[in-house]
Amino acid sequence: KAAGPLGMQWLYREMRVIWKEKKIPEDWKMGIIVPIFKKGNKQKCENYRGITLLCHTQKIYEKILLQKIRPVLEETGREEQCGFSKGRSTLDAIFVMRQVLEKWWEYGKDTMVAFINLKKAYDKVLRERIWES
């Protein structure tokens, strides 16, 4: 958290490379799952929930992306957007995505989907739109 001037320079250069190459580092795709006790009998697995510890650099990058995406989302206010919208949830996005995928599969079409987790919300994201922002 206190990287100092040299650490900040490194972080800035790293972010620029990732942005320019449009490629997320492999180690960002992994996390360490840690069980957190909720309540009840500590011997029962269902009394724990897992949290995933992620790379701090990844979290910083996601916050930068959020700052770039949020104004566009607020400006367009599209009905399809589930994240950052009051009265919407991940269930809405999952339902719509499932319907779309089933239709595409029915017609034998190739399909690609990207999800980014930003502050506990899974949002349907068009990757090229992010890079264009």
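Give the order of D92, D110, D27 when sorted by the count of other beta carbons within 10 angstrom, beginning with the fewest. Walk me through the numbers on the way to the answer.
Working: D92 16, D110 6, D27 11.
So the ranking, lowest neighbour count to highest, is D110, D27, D92.
Would you order Y61, Y107, Y48, Y12 from fewest to most other beta-carbon atoms within 10 Å of each residue's own beta-carbon? All intermediate terms of the calculation are to be shown ahead of the outcome.
Numbers: Y61 19, Y107 6, Y48 15, Y12 10.
Result, fewest neighbours first: Y107, Y12, Y48, Y61.
List the pairs from K20/K59; K38/K63; K29/K109; K63/K109; K20/K68; K22/K68 whose alpha-carbon separation is above 22 Å, in the order I gave them. Display every interim value, and only then the final one.
Values: K20/K59 18 Å; K38/K63 28 Å; K29/K109 27 Å; K63/K109 33 Å; K20/K68 15 Å; K22/K68 15 Å.
Cα-Cα > 22 Å for K38/K63; K29/K109; K63/K109; rest within.
When L66, L91 are ordered from fewest to most other Cβ atoms inside 10 Å of their Cβ, what list results?
Details: L66 16, L91 9.
Final ranking by Cβ density, sparse to dense: L91, L66.
Each reported figure results from applying straightforward, stated rules to the coordinates on display, with no laboratory input. Quick caveat, the model's predicted, so the values are computed rather than measured. Counting neighbours? That spans all protein chains shown, and the Cβs are built from the backbone with ideal geometry, glycine included.
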